[in-house]
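Engineer: Just passing along the structure, written as structure tokens.
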Amino acid sequence: MITRYSRPGMAGIWTEEAKLQRWLDVELAVCRAWSRRGVVPAEDLARIEATAAFTVERTREIEKTTNHDVVAFLTDVAENVGPASRWVHYGMTSSDVLDTGLAIAMAQSGRILIEEQAALTQALKARALEHRDTLCVGRTHGVHAEPTTFGLRLAGFAFESRRNEERLRRAHEQIAFGKLSGAVGTYAMLDPGIEAEVMLELGLSCEPVATQVIPRDRHAEVVTSMAVAASGLERLAIEVRHLQRTEVREAEEAFTKGQKGSSAMPHKRNPITAERISGLARVIRGNSVAAIEDVALWHERDISHSSVERIILPDSYTLLDYLLATTRRLVEGLVVRPDRMKEVLASSHGLVFSQRVLLGLVEEGLTREEAYAAVQRNAMRAWDEGVALQGLLAADPEVAARIAPDRLASFFDPSHHLRHVDEVMERVAAL
């Protein structure tokens, strides 16, 4: 991933240097397990542990000849260790080190993502509680529906973020599996006991049944969980983009001192952060398709997944880490305009209270169809003529015959719609 969308902590896990170090960690753990069984002499193990080293540059240079990355790495290590290097990779196949090292990287990366997702949950919780009573209009299909509060709107995003914490945690629990079962998973040159010892040392579980590789449904589950998390971030970003439109302007991104919105138009304050979140979420969703395609491999193994994973795994982790941190900053800095929200709510002439009137007429004896027709014909006039729905209903003989003016006025009080908000906010406070 390009540095523009990378943060150092996550990016550091996916460097070539870090990858080869994980390979070496796996190889050394296996050497120690063999030594405990008396296969690797103590003096050879000491030599291996003291001198085993590599450089990215030398490994790449060797790979130009071998056309095999693990063999190149092992050759590089052997050049530093000398004769004792005969025990390095003893009984192993390439995927033993590749997939086990990859599991370590994904487990490490997952911990960062879960921490960042949890931080976003708390940021959303804080803003939701802050605006628990901030009245605004709720929209369905982008059209005014009924009153709500901005805090209640943010509460939905907070709970979605919590669900994504749980998804990411579950996905990374099931990816923390390594394997040392050899070329076709039969433990022909190693035994399950060594595998168990090594995985315990590395903080992984043992893959119950591996072929030559860890089954790729595990990896697909991780990337699809990241795609779902990214989609949640985009849903929030789209909300901000809509609310920042000039004709709405209920909320907007923070605009920092010295920031410029346009090279041509000095007045512009654009939702560029939210737009960036929307765009980059598409990349992770696209990567999830590739991860699913990687599940179906030939027989015990082919390498059609390998080239794909070199791209989609580092990029997806790095992007989601960046997106989570960016979205949290967006939420924390979001400028909310309660007065404008009230103006927008009032701009649809009381239409948002139509259901209350409908049910009031039903309570007074009209059928639902009759009540709906009475309210709708006045609502359409309010839309078309730009006049208050309450006044039109009060002048409608069918409605006036059923509902007294003071009761009709009570139907246009938004407090009725918000009377259960506190109950919902108790759930938010418990997050």
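The values are calculated or read from the model by the stated rules, or taken from the named source; none is laboratory data. These numbers were taken from a predicted model, which means no experiment stands behind them. Every residue, glycine among them, receives a Cβ derived from its backbone with ideal geometry; neighbour counts consider all protein chains shown.
Quick grid of which residues meet (1) under 45 Å from the mean Cα position of the chain (by Cα); (2) assigned by TED's automatic domain parsing to the domain that holds Glu363; (3) of a type in the set (Val, Ile, Thr):
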| position | (1), (2), (3) |
| --- | --- |
| Ala388 | yes, yes, no |
| Leu393 | no, yes, no |
| Val399 | no, yes, yes |
| Ile403 | no, yes, yes |
| Asp406 | no, yes, no |
| His417 | yes, no, no |
| Glu423 | yes, no, no |
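Engineer: Identify, by number, the condition in (1) part of a helix (DSSP H, G or I); (2) out of contact with any Asp or Glu (no Cβ under 8 Å at 6 or more places or on another chain); (3) not small (Gly, Ala, Ser) that Asp302 doesn't meet.
Structural biologist: In the conditions (1) part of a helix (DSSP H, G or I); (2) out of contact with any Asp or Glu (no Cβ under 8 Å at 6 or more places or on another chain); (3) not small (Gly, Ala, Ser), Asp302 misses (1) alone.
Engineer: Still on this structure, I have one more. Are there helices (runs of 4 or more DSSP H) fully within the stretch 4-110 with at least 3 residues that are within 27 Å of Ala196 (Cα to Cα)? List them.
Structural biologist: Numbers: elements: 8-13, 16-36, 42-51, 56-66, 69-81.
The helices (runs of 4 or more DSSP H) meeting that bar are 16-36, 42-51, 69-81.
Engineer: Quick one: count up the residues across the stretch 328-341 that are outside any helix (DSSP H, G or I), surrounded by fewer than 19 Cβ atoms within 10 Å (Cβ to Cβ) and not basic (Lys, Arg).
Structural biologist: Residues meeting the conditions: 2.
Engineer: Say whether the condition of being among the acidic types (Asp, Glu), outside the structural domain of Ile112 (by TED's automatic domain parsing) and either under 40 Å from the mean Cα position of the chain (by Cα) or not in a helix (DSSP H, G or I) (or both) is met by at least one residue in the stretch 313-323.
Structural biologist: The answer is no; no qualifying residue exists.
Engineer: Spot the failing condition for Ala254; the list is (1) over 30 Å from Ala325 (Cβ atoms); (2) touching a residue at least 24 places away in the same chain (Cβ under 8 Å); (3) exposed (fewer than 14 other Cβ atoms within 10 Å of the Cβ), and only one is missed.
Structural biologist: (1)
Engineer: Further, regarding this structure: Please state which one of Ile214, Ile238 is within 27 Å of the chain's Cα centre (by Cα), in the same structural domain as Gln117 (by TED's automatic domain parsing) and part of a helix (DSSP H, G or I). Lay out the reasoning, then the answer.
Structural biologist: Values: Ile214 fails: part of a helix (DSSP H, G or I).
Step by step, each of Ile214, Ile238 is checked, and only Ile238 is within 27 Å of the chain's Cα centre (by Cα), in the same structural domain as Gln117 (by TED's automatic domain parsing) and part of a helix (DSSP H, G or I).
Engineer: Regarding the stretch 370-379, can at least one residue be identified that is in contact with a strand residue (DSSP E or B) (Cβ under 6 Å, 6 or more places away or on another chain), more than 23 Å from Ala128 (Cα to Cα) and not β-branched (Val, Ile, Thr)?
Structural biologist: No, there is no match, as no residue in the stretch 370-379 is in contact with a strand residue (DSSP E or B) (Cβ under 6 Å, 6 or more places away or on another chain), more than 23 Å from Ala128 (Cα to Cα) and not β-branched (Val, Ile, Thr).
Engineer: So for the stretch 165-183 (the condition being surrounded by fewer than 18 Cβ atoms within 10 Å (Cβ to Cβ) and among the hydroxyl-bearing types (Ser, Thr, Tyr)), does at least one residue qualify?
Structural biologist: Scanning the stretch 165-183, I find no residue that is surrounded by fewer than 18 Cβ atoms within 10 Å (Cβ to Cβ) and among the hydroxyl-bearing types (Ser, Thr, Tyr), so the answer is no.
One line per residue, one yes/no per condition, for (1) loosely packed, with under 14 Cβ neighbours inside 10 Å; (2) modelled with pLDDT under 95; (3) under 30 Å from Glu160 (Cβ atoms):
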site: Ala42; (1), (2), (3): yes, no, no
site: Arg47; (1), (2), (3): no, no, no
site: Thr66; (1), (2), (3): no, no, no
site: Ala72; (1), (2), (3): no, no, no
site: Val77; (1), (2), (3): no, no, no
site: Ser85; (1), (2), (3): no, no, no
site: Gly101; (1), (2), (3): no, no, no
site: Leu113; (1), (2), (3): no, no, yes
site: Arg127; (1), (2), (3): no, no, yes
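Engineer: Also, I was wondering about something else. Under 9 Å between Cβ atoms, which residue pairs at least 6 apart in sequence (or on different chains) link something in the stretch 353-368 that is under 14 Å from Ala145 (Cα atoms) with a partner that is of a type in the set (Asp, Glu)?
Structural biologist: Phe353/Glu146; Phe353/Asp413; Ser354/Glu146; Gln355/Glu146; Arg356/Glu146; Arg356/Asp413
Engineer: Within the stretch 367-393, count every residue that is over 15 Å from Leu351 (Cβ atoms) and surrounded by fewer than 19 Cβ atoms within 10 Å (Cβ to Cβ).
Structural biologist: Matching residues across the stretch 367-393 total 5.
Engineer: Sticking with this structure for a sec: Which helices (runs of 4 or more DSSP H) sit wholly inside the stretch 342-431 and have at least 1 residues that are within 30 Å of Gln122 (Cα to Cα)?
Structural biologist: Correct list: 421-429.
Engineer: Being among the hydroxyl-bearing types (Ser, Thr, Tyr), closer than 21 Å to His242 by Cα and without any contact (Cβ under 8 Å) to a residue 60 or more places away in the chain narrows it down to one of Thr149, Thr134, Thr140, so name that one.
Structural biologist: Result: Thr140 is the single residue among Thr149, Thr134, Thr140 that is among the hydroxyl-bearing types (Ser, Thr, Tyr), closer than 21 Å to His242 by Cα and without any contact (Cβ under 8 Å) to a residue 60 or more places away in the chain.
Engineer: Give me a count of the residues in the stretch 162-203 that are over 30 Å from Arg328 (Cβ atoms) and under 25 Å from the mean Cα position of the chain (by Cα).
Structural biologist: Selection size over the stretch 162-203: 2.
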